[in-house]
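Chemist: One structure, as structure tokens, below. Some questions next.
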Number of protein chains: 2
Amino acid sequence: MKVGIIQQRGSSDRDDNRRRIVEKISELAKQGAELIVNQELHDSLYFCQTEDVDIFDLAVDISDDSKALAPYRKAAKENDVVVVTSMFERRAPGLYHNTAVVIEKDGTVAGRYRKMHIPDDPAYYEKFYFTPGDMDFEPIDTSVGRLGVLVCWDQWYPEAARLMALRGAEILIYPTAIGTSAADSEEEQNRQLDAWMLVQRGHAVANGLPVITVNRVGHEADPSGATEGITFWGTSFVAGPQGELLYRAPRSEEATAVVEVDMKRSEQVRRWWPFLRDRRIDAYAPLAYRYLR
Amino acid sequence: MKVGIIQQRGSSDRDDNRRRIVEKISELAKQGAELIVNQELHDSLYFCQTEDVDIFDLAVDISDDSKALAPYRKAAKENDVVVVTSMFERRAPGLYHNTAVVIEKDGTVAGRYRKMHIPDDPAYYEKFYFTPGDMDFEPIDTSVGRLGVLVCWDQWYPEAARLMALRGAEILIYPTAIGTSAADSEEEQNRQLDAWMLVQRGHAVANGLPVITVNRVGHEADPSGATEGITFWGTSFVAGPQGELLYRAPRSEEATAVVEVDMKRSEQVRRWWPFLRDRRIDAYAPLAYRYLR
């Protein structure tokens, strides 16, 4: 399968963000991409750097009639590609989610995933904006395969990747928005980026599945002025089912790429390393506890 | 904490294997090591390359009076160090385990862990020899900390690392015996070694804990002649709680090392990345199922 990734800078001009993505979908499809993955909350800036009730105005309907999805549905259909989008969902007044919506090649909505793990750190005040997902870790069936779509903070949780694998996901996909703070030393910034790749490539290995991660790039100021903002570290990547790196985007520039992923390799790898065979399910029930002391 | 690791070639002469380890324990302790970790089944060759009932003769008593533990209890006491050993346990006639035994600085047994995940692959016929552990994923308390001791195949399972973390482990420790088959291409051999490091460094990240992995090294022939034997890939390593590599041993030679691990860093890292805070325990119960389709 040929996978297209779109790593771009966000701006406050949503129409422009959408226009640039739609153009890139068309370019990537012309290069053969069958599945195109976008970064987290690609239509806007990463607005969680400050807590402001007016920002909920950015949230959108994600029903099949959604105006926010329309350009992506059109682009998917015109270019005959599956597209993974990431939306700030307005579900009801006072109830908002961080939701990935997958569009089928014919422009219909294939499925949705509401981000389950919600962070809250200085400059990433997501618990203010996003209600934790209530659609479980459920892969989305598409014409290019059964997609284990997760979002950003989920990427640190082996449980999320494993549950997607146990429910038959054929690939793990993470739209994400993560970067460094100028308050950290360069050494610490590099350690964080390395840790982020390590843990996700680890999920590939543990589950014998390829992983696609698409991150935003560039600096976004903190509107409150409380911090120096976030420098999103790009470095979108694709790994195979042994965690082997198939593609790595630059750290500071926009990037698009078409990457070939051999979807048949997973079964070969899982025959060599049959981790699912030997799981000690008799001893795993305590994983559903907060802590065991 | 200063951690000593002993990566060595195995031989069929058990007395010689033990003598060399005891010497190295003394050397590493003189260099300041407070905790010394050995490779899996360090007293013998890796005997699982073939299925032979006579090999059960190698299994040993691991009670407090164990003759097999005696040299390590003596070395721990004389050198005032905690020692992680790996034994082929004879529990009863026809009932054998692959068991890590941790010796306290005073020479007493601090605790035992029976390998929970048991592999079975060509040349790694462990299901023939080892009954799966029945002591759960339970850390072992010692004077140098609460040790999350796991063994080899366990290293591929995020569940094992997580359960140790949830039970308060302060460090993850993996005695192991893994290598390459000459039947695989050099590229495939390297991919396997990389995957092995990735998944374990991933456990460090996901749990905010340091990891110590000690592997055997060198080629061991297959007594049955069915395969070309195993070339154990050494590469013992120590990683910090962001998966950062603190030490990496050579791939083809014996090695000892003393590595400083900052045991206070985990809490700092977990404050930055509070993964335990945000686990979706309401959605994790299905992890205790074999598959969900």
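The values are calculated or read from the model by the stated rules, or taken from the named source; none is laboratory data. Just so we're clear, the structure is a prediction, and the values are computed from it rather than from any experiment. Here the Cβ is made from the backbone with ideal geometry for all residues, glycine too, and neighbour counts use every protein chain on show.
Chemist: Restricting to segment B:251-272, what's the tally of residues that are in a strand (DSSP E or B) and among the β-branched types (Val, Ile, Thr)?
Modeler: Kept after step one, since they are in a strand (DSSP E or B), are these residues of segment B:251-272: B:255-260.
Filter again for among the β-branched types (Val, Ile, Thr), leaving B:256, B:258-259.
The number of residues fulfilling the criteria is 3.
Chemist: Same structure, new question: With respect to B:Asp184, is the statement that it is under 30 Å from B:Thr108 (Cβ atoms) and among the acidic types (Asp, Glu) true?
Modeler: no
Chemist: Which one is nearest to the other protein chains (Cβ to nearest Cβ), of the residues in segment B:171-185 that are assigned to a strand (DSSP E or B), out of contact with any Cys (no Cβ under 8 Å at 6 or more places or on another chain) and closer than 23 Å to B:Glu220 by Cα? If you could, list the steps in order and put the result at the bottom.
Modeler: Here is the first cut: in segment B:171-185, the residues assigned to a strand (DSSP E or B) are B:171-176, B:179-180.
Right, trim to out of contact with any Cys (no Cβ under 8 Å at 6 or more places or on another chain) and you get B:171-173, B:179-180.
Applying the additional criterion that residues be closer than 23 Å to B:Glu220 by Cα yields B:179-180.
Numbers: B:Gly179: 14, B:Thr180: 12 Å.
Once the filter is applied, the top-ranked residue is B:Thr180.
Chemist: Going through A:Leu276, A:Leu172, A:Leu246 one at a time, which residue ends up being surrounded by fewer than 18 Cβ atoms within 10 Å (Cβ to Cβ), within 18 Å of the chain's Cα centre (by Cα), closer than 30 Å to B:Arg293 by Cα and at pLDDT 95 or above?
Modeler: Every option except A:Leu246 fails the conditions.
Chemist: Any idea which of B:Gly225, B:Gly243 is among the small types (Gly, Ala, Ser) and within 23 Å of B:Cys48 (Cβ to Cβ)?
Modeler: Exactly one residue qualifies, and that residue is B:Gly225.
Chemist: Next question, about the same structure. Kindly indicate which of B:Tyr284, B:Tyr291 is buried (at least 20 other Cβ atoms within 10 Å of the Cβ) and either facing chain A (nearest Cβ under 7 Å) or among the charged types (D, E, K, R) (or both).
Modeler: B:Tyr284
So that you can scan it fast, the table gives a plain yes or no per residue for (1) touching a helix residue (DSSP H, G or I) at 6+ places or on another chain (Cβ under 8 Å); (2) part of a helix (DSSP H, G or I):
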{"residue": "A:Glu40", "(1), (2)": "yes, no"}
{"residue": "A:Cys48", "(1), (2)": "yes, yes"}
{"residue": "A:Ile55", "(1), (2)": "yes, yes"}
{"residue": "A:Ile62", "(1), (2)": "no, no"}
{"residue": "A:Tyr72", "(1), (2)": "yes, yes"}
{"residue": "A:Asp106", "(1), (2)": "yes, no"}
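Chemist: Kindly indicate whether any position in segment A:19-37 is more than 14 Å from every other protein chain (Cβ to nearest Cβ), crowded, with 22+ Cβ neighbours inside 10 Å and in a loop (DSSP other than H, G, I, E, B).
Modeler: Within segment A:19-37, one or more residues are more than 14 Å from every other protein chain (Cβ to nearest Cβ), crowded, with 22+ Cβ neighbours inside 10 Å and in a loop (DSSP other than H, G, I, E, B).
Chemist: Scan segment A:1-37 for residues that are closer than 17 Å to A:Ile103 by Cβ, polar (S, T, N, Q) and free of Cβ contacts under 8 Å to residues at least 40 places away in the same chain and jot them down.
Modeler: The answer is A:Asn17, and nothing else.
Chemist: Looking only at segment B:239-278, which residues are small (Gly, Ala, Ser) and in contact with a Leu (Cβ under 7 Å, 6 or more places away or on another chain)?
Modeler: Selection gives B:Ala239, B:Gly240, B:Gly243, B:Ser266.
Chemist: Condition first: closer than 29 Å to A:Asp120 by Cβ, part of a strand (DSSP E or B) and without any contact (Cβ under 8 Å) to a residue 40 or more places away in the chain. Can you find one or more residues in segment A:231-246 that meet it?
Modeler: yes
Chemist: Sticking with this one: So which of B:Gly229, B:Gly133 is more than 23 Å from A:Trp153 (Cα to Cα) and more than 12 Å from chain A (Cβ to nearest Cβ)?
Modeler: B:Gly229
Chemist: Another question, then. Out of (1) more than 14 Å from the chain's Cα centre (by Cα); (2) modelled with pLDDT of 95 or more; (3) among the charged types (D, E, K, R), the odd one out for B:Asp121 is which?
Modeler: Only one criterion in (1) more than 14 Å from the chain's Cα centre (by Cα); (2) modelled with pLDDT of 95 or more; (3) among the charged types (D, E, K, R) is unmet by B:Asp121, namely (2).
Chemist: On to the next question. Whether any residue in segment A:158-167 is surrounded by fewer than 23 Cβ atoms within 10 Å (Cβ to Cβ) and either on the phi < 0 side of the Ramachandran plot or not in a loop (DSSP other than H, G, I, E, B) (or both) is what I want to check.
Modeler: Checking segment A:158-167: at least one residue is surrounded by fewer than 23 Cβ atoms within 10 Å (Cβ to Cβ) and either on the phi < 0 side of the Ramachandran plot or not in a loop (DSSP other than H, G, I, E, B) (or both).
Chemist: If you don't mind, another one. Considering A:Thr99, A:Thr50, A:Thr85, which residue is of a type in the set (Val, Ile, Thr) and more than 19 Å from the chain's Cα centre (by Cα)?
Modeler: Within the list A:Thr99, A:Thr50, A:Thr85, the selection yields A:Thr50.
Chemist: Only one of these is within 9 Å of chain A (Cβ to nearest Cβ) and over 29 Å from A:Pro210 (Cβ atoms): B:Gly168, B:Gly240, B:Gly202. Name it. Lay out the reasoning, then the answer.
Modeler: Working: B:Gly240 fails: over 29 Å from A:Pro210 (Cβ atoms); B:Gly202 fails: over 29 Å from A:Pro210 (Cβ atoms).
On inspection, the qualifying residue turns out to be B:Gly168.
Chemist: I've got another one for you. As an exercise: evaluate A:Gly218 against (1) of a type outside the set (Ser, Thr, Tyr); (2) touching a residue at least 60 places away in the same chain (Cβ under 8 Å); (3) more than 20 Å from B:His203 (Cβ to Cβ); (4) outside any strand (DSSP E or B) and give the number of the one condition it does not meet.
Modeler: (4)
Chemist: Select from segment B:175-207 the residues that are modelled with pLDDT of 95 or more, farther than 21 Å from A:Gln192 by Cβ and aliphatic (A, V, I, L, M) and list them in ascending order.
Modeler: Residues satisfying the conditions are B:Ala177, B:Ile178, B:Leu193, B:Ala195.
Chemist: Please go through segment A:136-164 and pick out each residue that is over 24 Å from A:Glu89 (Cα atoms) and more than 9 Å from chain B (Cβ to nearest Cβ).
Modeler: A:Ser143, A:Val144, A:Gly145
Chemist: Would you tally the residues in segment A:253-273 being farther than 18 Å from A:Ala33 by Cα, surrounded by fewer than 13 Cβ atoms within 10 Å (Cβ to Cβ) and more than 12 Å from chain B (Cβ to nearest Cβ)?
Modeler: Residues meeting the conditions: 2.
Chemist: Another one. Is segment B:235-242 home to any residue that is farther than 22 Å from A:Gln189 by Cβ and touching a helix residue (DSSP H, G or I) at 6+ places or on another chain (Cβ under 9 Å)?
Modeler: Yes, segment B:235-242 has at least one match.
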